[in-house]
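J.: Handing you this structure, nothing more for now.
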Amino acid sequence: MNYNTKLLAEQNDMFRKHIGMLEADTIEVKGKYCMTQGVANLTNFQKLDTLIKLWEYNDFSVEEDVYNEHSFGRITLDENKQDILWKIDYFDTNYEYGSEDPSNLNITRRVLTVMLPSEY
């Protein structure tokens, strides 16, 4: 796959930082946010903590950001010290197949999934 990794990381940061916000529909980077059953079962406070930590996330280590795309991370909740993983996958505009060029916003939609480590 041949694409601009730096651009892709910038797009992923923009997408992640607008998840759940009213203006999310107006940004150029389109996609969906979903959570696994384990995250859905957390308290409302823990889910809000997860969302805030997603917006603020900036700890892209070599171990977790292997491809420098800013497409994966681990956060720890304040209340119970629960680890939460998140990842971004790239799809075509119909969410049926992988995108041929994830950095091309005209042909790519993102899905950001948050999950418990046991669900990865």
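The values are calculated or read from the model by the stated rules, or taken from the named source; none is laboratory data. Keep in mind it's a predicted model, so treat the numbers as computed, not measured. Heads up, the Cβs are rebuilt from the backbone with ideal geometry, glycines too, and the neighbour counts pull from every protein chain shown.
J.: Looking at (1) surrounded by 13 or more Cβ atoms within 10 Å (Cβ to Cβ); (2) in contact (Cβ under 8 Å) with a residue 24 or more places away in the chain, which is the one condition that is false for Gly73?
T.: Among (1) surrounded by 13 or more Cβ atoms within 10 Å (Cβ to Cβ); (2) in contact (Cβ under 8 Å) with a residue 24 or more places away in the chain, Gly73 violates only (2).
J.: Given (1) buried (at least 17 other Cβ atoms within 10 Å of the Cβ); (2) under 14 Å from Gly31 (Cβ atoms); (3) more than 14 Å from the chain's Cα centre (by Cα); (4) not aliphatic (A, V, I, L, M), identify the lone condition not met by Thr113.
T.: Failing condition for Thr113: (3).
J.: Right, another one. From the list Thr93, Thr43, Thr36, Thr108, pick out the single residue that is of a type in the set (Ser, Thr, Tyr), in contact with a helix residue (DSSP H, G or I) (Cβ under 8 Å, 6 or more places away or on another chain) and at pLDDT 95 or above. Break it down into steps so the answer makes sense when it comes.
T.: Working: Thr93 fails: in contact with a helix residue (DSSP H, G or I) (Cβ under 8 Å, 6 or more places away or on another chain); Thr43 fails: in contact with a helix residue (DSSP H, G or I) (Cβ under 8 Å, 6 or more places away or on another chain); Thr108 fails: in contact with a helix residue (DSSP H, G or I) (Cβ under 8 Å, 6 or more places away or on another chain).
Being of a type in the set (Ser, Thr, Tyr), in contact with a helix residue (DSSP H, G or I) (Cβ under 8 Å, 6 or more places away or on another chain) and at pLDDT 95 or above holds for just one of Thr93, Thr43, Thr36, Thr108, which is Thr36.
J.: Which one is nearest to Ile52 (Cα to Cα), of the residues in the range 76-94 that are touching a strand residue (DSSP E or B) at 6+ places or on another chain (Cβ under 6 Å) and surrounded by fewer than 14 Cβ atoms within 10 Å (Cβ to Cβ)?
T.: Among them, the one singled out is Thr76.
J.: Would you confirm whether any residue within the range 29-47 is among the charged types (D, E, K, R), in a helix (DSSP H, G or I), in contact (Cβ under 8 Å) with a residue 12 or more places away in the chain and at negative phi?
T.: So the first thing to find is which residues in the range 29-47 are among the charged types (D, E, K, R), and the list is 30, 32, 47.
Okay, now just the ones that are also in a helix (DSSP H, G or I), so 47.
Filter once more, so that each one left must be in contact (Cβ under 8 Å) with a residue 12 or more places away in the chain: 47.
Applying the additional criterion that residues be at negative phi yields 47.
Yes, that holds for at least one residue.
J.: Report, by residue number, each residue of the range 67-102 that is farther than 22 Å from Leu42 by Cβ, outside any strand (DSSP E or B) and not charged (D, E, K, R).
T.: Correct list: Tyr67, Asn68, His70, Ser71, Thr93, Asn94, Tyr95, Tyr97, Ser99, Pro102.
J.: Show the residue pairs that are 6+ apart or on different chains and have beta-carbon atoms under 7 Å apart, the first residue being within the range 91-120 and under 16 Å from Glu69 (Cβ atoms), the second being small (Gly, Ala, Ser).
T.: Phe91/Gly98; Phe91/Ser99; Thr108/Ser99; Arg109/Gly31; Arg110/Gly31; Val111/Gly31; Leu112/Gly31
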